[in-house]
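Here is the structure we will look at.
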Amino acid sequence: MTRGRILDVAVDLRKSSSTYGQHVAIELSAENWRQLLLPAGFAHSFCTLEPDTEVLYKVTANYAPTHEHGVAFNDPDLGIAWPFPASELTVSEKDRALPRLADLPDYFE
């Protein structure tokens with residue numbers, strides 16, 4: 001991260017995992033220089049905590065829309081404590097259409 005702060009969240013979507021459906025949330029900032037490694041099978045979302053935040057991240061392969069999956073960020077079954085009400089967030093149409101955890105297919109074994 002080169003500028004600003006985010007709440008970074010990862011959710012385990014591997015149905016065979018003992019941590020399936022659980023999440024971790026950590027504040028990343030230009031000041032604390034923390035990083036979060038997301039293994040395959042985890043959903044990723046973040047919320048900016050201050051204006052003009054700039055996020056940098058690495059990926060293991062080129063973007064492939066057919067391999068992209070996710071879960072609704074505001075699914076109450078996930079229990080994520082977002083710092084702002086959902087009504088105040090800017091969320092893409094693609095992300096608004098994501099299913100709840102209970103409705104996910106078996107994307108990851």
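Nothing in this text is a laboratory measurement; each read-out follows from the coordinates by a stated rule. These numbers were taken from a predicted model, which means no experiment stands behind them. Here Cβ is always computed from backbone atoms with ideal geometry, including for glycine, and neighbour counts include all displayed protein chains.
Kindly write out, for region 73-89 in residue order, the coupling ³J(HN,Hα) from the Karplus curve 6.51 cos²θ - 1.76 cosθ + 1.60 (θ = phi - 60°), rounded to whole Hz, with x marking Gly and Pro.
4, 9, 4, x, 5, 7, x, 7, 8, 5, x, 9, x, 4, 5, 9, 8
The chain: longest stretch without exposed chymotrypsin sites (Phe, Trp or Tyr not before Pro) (DSSP loop, at most 12 other Cβ within 10 Å), sites themselves excluded?
Longest run free of exposed loop sites: 64-109.
Which residue, Lys15, Lys58, Lys94, has the most motion in a Gaussian network model of the chain that connects Cα atoms within less than 10 Å?
Highest fluctuation among the options: Lys58.
GNM on the chain, C-alpha springs below 10 Å: top fluctuator among Pro76, Pro65, Pro51?
Pro65
How large are Rg and Dmax for the chain when only the alpha carbon atoms are used, in Å?
Expressed in Å, the Cα Rg and Dmax of the chain come to 14.1, 39.
So which residue, out of Gly79, Gly41, Gly21, gets the largest mean-square fluctuation from a GNM of the chain using Cα contacts under 10 Å as springs?
Among Gly79, Gly41, Gly21, the largest GNM mean-square fluctuation belongs to Gly79.
Work out the FRET efficiency for Asp106 and Glu31 from their Cβ-Cβ distance, taking R0 = 41 Å, and round it to the nearest 0.05.
0.55
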